Amino acid sequence: MAALAQPQKLSDADFSRLSRFIYKECGINLTPLKKILLESRLQKRLEHLHIGTFSAYCDYVMSPAGLQQELVYMIDAVATNKTDFFREPVHFDFMREHLLPAWYANRPSGTFKVWSSACSSGEEPYTIAMVLEEFGIGHPLSYRIVASDISTKVLKKAIQAIYPMQSVAQVPMALCKRYLLRSKDKEGERPTIRMGPRLRTRVEFKRINLIEDITGIDNDFDLIFCRNVLIYFDRATQETVLRKLLSKLRRGGYLFIGHSESVHHLNLPVQQVKPTIFRKL
Ligand SMILES: C[S@@+](CC[C@H](N)C(=O)[O-])C[C@H]1O[C@@H](n2cnc3c(N)ncnc32)[C@H](O)[C@@H]1O
């Protein structure tokens, strides 16, 4: 029987090299408290690549070949992808009760454009699609949803659109019946659900790193979700990212942030409507 690989220790020096590199590449600010987490998350990459030490892993990921081939896997290992359907429902209530009726009254023949800018495995944009589809029952609506994330792993999951049965506990039964399909996991054992074709075809997924120049995306969105990602950035990065997102929002358009996030300390051209809801001035 082959011997199991010994778990490696991440030294303070290698942690500091990696955290500076991660900050530069994706804006994620890893405090020293995250050292153990990083060590355990990257362990599998060392095993997969048959690399014996973290120091050799650092050399590899920062080399030209590593930047091309390993960086995406390292980001997948580092980013926290927790999400849910109808997470932080106040945003979806606000869309239904205020934003969509007001938008529709002014521009009933236009296209409502939404960007879910750190969409993880797709629960957020598919929730948006359900809300827009439901609104469209009473008000014929043309809409476009763009959803993006830095992690290729979560984007693959999002495009597949297959989720464990328990993950739709927050989705009202009527919506489950209308928009979801029963499915099976890869092994054909556990029951799962899949977003139906109506929703799948309505969300356009892209890989976008929010700290890089954002090109090839519209600049007249009516609504941008930037939820539960700002928390990983330091103040300067938060301000840069939000200014970039606001430049893609039309005047009067809305920005939603996560409930544990705040923009009070930043100087942005927005008016606060609710604690996590802002309108571009
Ligand atoms: C905690 S999830 C939030 C998902 C969803 N917005 C929500 O609130 O449920 C954070 C997501 O941000 C993504 N992320 C982290 N850094 C990013 C960056 N620089 N650019 C784009 N996405 C990033 C991660 O890959 C992860 O999927």
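The table below gives the values:
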| quantity | calculated |
| --- | --- |
| Note, ³J(HN,Hα) from phi for region 69-76, Karplus 6.51, -1.76, 1.60, rounded to Hz, x at Gly and Pro | 9, 9, 3, 4, 6, 5, 4, 4 |
| Global form of region 192-265, assessed from the alpha-carbon gyration tensor, a/c cut-off 1.5 | prolate |
| Inter-part distance where region 240-267 and region 113-155 are each reduced to a Cα centre, Å | 18 |
| Antiparallel bridge percentage (DSSP; both residues within the chain; nearest 5) | 45 |
| Global geometry of region 139-215, whether rounded, prolate or oblate, following the gyration tensor of its Cα atoms and the 1.5 cut on a/c | oblate |
| Average projected area [Cα convex hull, region 91-158], square nanometres | 4.5 |
| Alpha-carbon radius of gyration plus Dmax, which is the widest Cα pair, for the chain in Å | 20.5, 70 |
| Ascending count of other beta-carbon atoms within 10 Å, so fewest first, for Ser121, Ser109 | Ser109, Ser121 |
| Label-to-label distance, nm, for residues given as Thr111 and Val72 (7 Å Cα→Cβ offset) | 2.6 |
| Angle in degrees between helix 123-138 and the longest Cα principal axis of the chain, rounded to the nearest 10 | 10 |
| 19 Å reach of a label modelled at Thr240, 7 Å along Cα-to-Cβ, counting backbone N of region 76-105 | 79 |
| Whole-number percent relative contact order across region 1-149, with pairs defined as alpha carbons under 8 Å at least 6 apart | 20 |
| Burial ranking of peptide ranges 22-35, 124-137, 241-254 (average Cβ count within 10 Å, highest at the top) | 124-137, 241-254, 22-35 |
| Tilt relative to the chain, helix 235-246 - C-alpha long axis, 0 to 90 degrees, to 10 | 40 |
| Calculated FRET value between Ala169 and Gln271, using beta carbons and R₀ = 30 Å, to 0.05 | 0.30 |
| Helix-only [θ]222 nm of the chain, DSSP H runs n ≥ 4, -39500 (n - 2.57) each, per residue, nearest 500 | -11500 deg cm²/dmol |
| Lys156-Thr80 FRET efficiency (beta carbon distance; Förster radius 22 Å; 0.05 resolution) | 0.80 |
| Among 209-220, 40-51, the order from most to least packed when residues are scored by Cβ within 10 Å on average | 40-51, 209-220 |
| Sequence of Met165, Met173 once ranked by neighbouring C-beta atoms within 10 Å, starting from the fewest | Met173, Met165 |
| Using alpha-carbon coordinates, inclination of helix 12-26 to the longest axis of the chain, degrees | 30 |
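Values quoted throughout were computed directly from the atomic coordinates according to the rules given, and no laboratory measurement underlies them. Predicted model only: the values in this text are computed from it and were never measured. Quick reminder, even Gly has a Cβ in these numbers, built from the backbone with ideal geometry, and neighbours come from all protein chains shown.
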